[in-house]
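Below is one structure, written out as structure tokens; the observations come after it.
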Amino acid sequence: MVAMQYEPDSAGQESYILCADCGTVISSANGAGLCVGCLRNTVDITEGIPKEATLNFCRGCERFLSPPQTWVSCQPESRELLAICLKKIARPLLKVRLIDASFIWTEPHSRRVKVKVTIQKEVLANTVLQQTFELLLVVHTGQCPQCTRLAAKNTWKASVQVRQKVTHKRTFLWLEQLILKHNAHKDTINIAEKRDGLDFFYAERNTAIKMVEFLAGVVPVRSKASEQLISNDTHSNTSNYKFTYSVEIVPVCKDDLVCLPRNQAKAWGNISPLTICSRVGNTIHLLDPMTLQQTDVTAPVYWRQPFDSLATVTDLVEFIVLDVEPSGPIRGKYVLADAQIVRSSGNGNNNVDDEGMGDDGIFHTRTHLGGILQPGDTVLGYHLTNANFNDEAFESLDVDRIPDVILVKKTYPNRRKKSKPRNWKLRSIAKEAEDVNESEKTVGRGALGRRGGVDQKNVERDYELFLRDLEEDKEMRAAINLYKAQQKQQEEEADQDGDVGMSDQPTTANKKSGSGQKGGKKRSTTTNTGMQVDQDMVVPSAQGDDTDADDEEEEDFPEIDMDELLEHFEEMEMGPEEAEQEQ
């Protein structure tokens, strides 16, 4: 009897079969029974996926259309551009698994973009097929909606009208620097100068709302929105509107004299009614120079009980400090002190008493500038002795409690007389502005001063006073960007007189007073009715112009440190040569 023994197959041995179509040896684990080549010939996993598509490209802003309505700026062969290309076949790709995608190099001028796409898909039971194909995209050039509106004149969807009812443009010069620092004008398509302010035009409503919110964050304003129906489609029930936002800035500026009603002053911390505006941010900062008491007035509170300025910086008068003695508390940079002052020049009558002080005499006042004033300094203040204001709140004050003089800020006339160029510059916004003479194009300070004539001269004067405020106020400089001036620009400034006077008379005595204010430049004339009238006149010095060369510069003149200045000054407005070519 023969014993039979069963010997099973060794574990782990793989069996093979033949391909049903071509007879190639394949693994028996292949449930399809076909090799890879025959399986690809039988099943195409790229079926239903388009191999060609189009890319919309804007020539004006060089952006690509990202479906459905977004325009995106992309670099060639970037991830952003690859994402836009895959969005063209996004819906068919939901049925497969995306493994890889990459660009295939093409000629830049060919207007063709090729993408190599690798996908996977399960075709049969336990059978996953991977395949690679090329996607060809043809670039079609055109214009995006924003560039279309720019190409057509006077087309905008939203506008912001900024107004301030004052006689100067210094507030808008300050706003211009804040806008440039925060790049709030990037979506503006045009800026037009108007009588009391500026108009900003936008292609989208949300960008205009952002500008309104930005203005409300830097200055006290109140805004009002309105809309105008342009067209209406009754079939699709869609309408086209133009939106206008009116923004009004409070008419109170820095260094203005303010007289509050008694009830209003008591409600705001029982502050003295006669105050000065020390600073204007998103709130109005009022300061009592006699007690150093301060209060902040927000925009909603101001517009519920509005008040105007009693006097502005154009009414400031020059005084010479004879003696200063600190006599009170210290609050921050303010030091309460008693000062003896005298006007830098008389009222023009040249009536001198035995002591040689003239009609004005010596004034005793209390000031908040005790920390920076020294005997012999020149200071600007409001002369209230013979002032006549048409204001009910001022008339209700007790005459005995009204000071003769309220000092505001220190000035540096000796340095201003010498035309030394500044080592710093400011950027400006170069946009088209409304011009009185359409045939002539004038160049101003950014969007200001382009109306020509007297307006341009006033803006130049306000610009010089604005630069002086920046030099004297470190807090203002910290809020904006200053740039290093080029050597050529400094030489051009050296050829010009650095002093700005209120008088338009071309006399050499214009250089005598360096504050740019009325002090030292006014004389009083008497009319037939006996009323004294102040005229903007220049009073020449009794000693002649030789005394100007002997005046020494103030040691405490606020010099701007080079560390505060930024490199790469980018002047955005047209240069003199370009302006001449335009004219």
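The values are calculated or read from the model by the stated rules, or taken from the named source; none is laboratory data. Given the structure is predicted, the values throughout are model-derived calculations rather than measurements. Heads up, the Cβs are rebuilt from the backbone with ideal geometry, glycines too, and the neighbour counts pull from every protein chain shown. SASA here: full protein model, heavy atoms, side chains in, ligands and nucleic acids out. Shrake-Rupley method; radii C 1.70, N 1.55, O 1.52, S 1.80 Å.
In the range 104-174, what chymotrypsin sites (Phe, Trp or Tyr not before Pro) fall in a loop by DSSP, with at most 11 other Cβ atoms inside 10 Å? List each step's numbers first, then the result.
Values: sites: Trp105, Phe133, Trp156, Phe172, Trp174; in loops: Trp105, Trp156.
Sites meeting the loop and neighbour criteria: Trp105.
Mind listing the long-range amide H neighbours of Lys409? Cut-off is under 5 Å, sequence gap 5 or more, other chains count too, H placed in the peptide plane at 1.01 Å from N.
Under 5 Å from the amide H of Lys409 lie the amide H atoms of Leu380, each far enough along the sequence or on another chain.
Taking the Cβ of Pro326 as the center, what net charge do the other residues with Cβ under 13 Å away carry, scoring Lys and Arg +1 and Asp and Glu -1? Please report the intermediate quantities before stating the final value.
Working: positive: Arg331, Arg366; negative: Asp323, Glu325, Asp338.
Here the count lands on -1.
Quick one: grab the alpha carbon gyration tensor of the range 81-125, order the square roots of its eigenvalues as a ≥ b ≥ c, and give me rounded if a/c is under 1.5, else prolate or oblate depending on whether a/b is larger than b/c. Please list the in-between numbers first.
Values: a/c = 3.44, a/b = 2.23, b/c = 1.54.
Since a/c reaches 1.5 and a/b is larger than b/c, the shape of the range 81-125 is classed as prolate.
For Ala387 and Thr244, FRET efficiency with R0 = 30 Å and r from the beta-carbon atoms, rounded to 0.05?
Numbers: r = 41 Å, r/R0 = 1.35.
Step by step, r from the Cβ atoms, then E = 0.15.
Students often check this: by mean Cβ neighbours within 10 Å, which of 36-42, 404-410, 466-472 ranks highest, and how do the rest follow?
Working: 36-42: 14.4, 404-410: 21.3, 466-472: 19.1.
Packing order, densest peptide first, comes out as 404-410, 466-472, 36-42.
Set the bar at 32 Å for Cα to Cα. Now go through Lys114/Lys181; Lys410/Lys484; Lys224/Lys333; Lys242/Lys425 and name every pair that lies beyond it. Don't skip to the end; give the middle numbers.
Working: Lys114/Lys181 41 Å; Lys410/Lys484 26 Å; Lys224/Lys333 38 Å; Lys242/Lys425 38 Å.
Listed pairs above 32 Å: Lys114/Lys181; Lys224/Lys333; Lys242/Lys425.
What part of the accessible area of the range 86-187, given as a whole %, is carbon or sulfur when the probe is 1.4 angstrom? Don't skip to the end; give the middle numbers.
Values: 2910 of 5930 Å².
Answer for the range 86-187: carbon and sulfur cover 49 percent of the accessible area.
Quantify, in whole percent, the carbon and sulfur part of the accessible surface of the range 193-303 (1.4 Å probe; protein heavy atoms only). Kindly include the intermediate steps, with their values, before the conclusion.
Values: 2370 of 5130 Å².
Here carbon and sulfur together make up 46 percent of the probe-accessible area.
Leaving out ligands and nucleic acids, note down the accessible area per residue over the range 58-138 with a 1.4 angstrom probe, in whole Å². All intermediate terms of the calculation are to be shown ahead of the outcome.
Details: 5350 Å² over 81 residues.
Per-residue accessible area for the range 58-138 comes out at 66 Å².
So what is the accessible area of the range 232-276 per residue, in Å², with the probe set to 1.4 Å?
On the way: 2070 Å² over 45 residues.
Value for the range 232-276: 46 Å² per residue.
In a shell of Cβ-Cβ distance under 11 Å around Cys259, excluding Cys259 itself, what net charge do Lys and Arg (+1) and Asp and Glu (-1) give? Please report the intermediate quantities before stating the final value.
Values: positive: Arg262; negative: Asp256, Asp308, Asp391, Glu392, Glu395.
Around Cys259, the charge tally is -4.
Keeping the other protein chains in place, figure out the carbon and sulfur percent of the accessible area of the range 360-422, with a 1.4 Å probe.
40
For Leu482, what residues show an amide H to amide H distance below 5 Å, using hydrogens built from the backbone and excluding near sequence neighbours?
Close amide H contacts, sequence-distant or interchain: Leu566.
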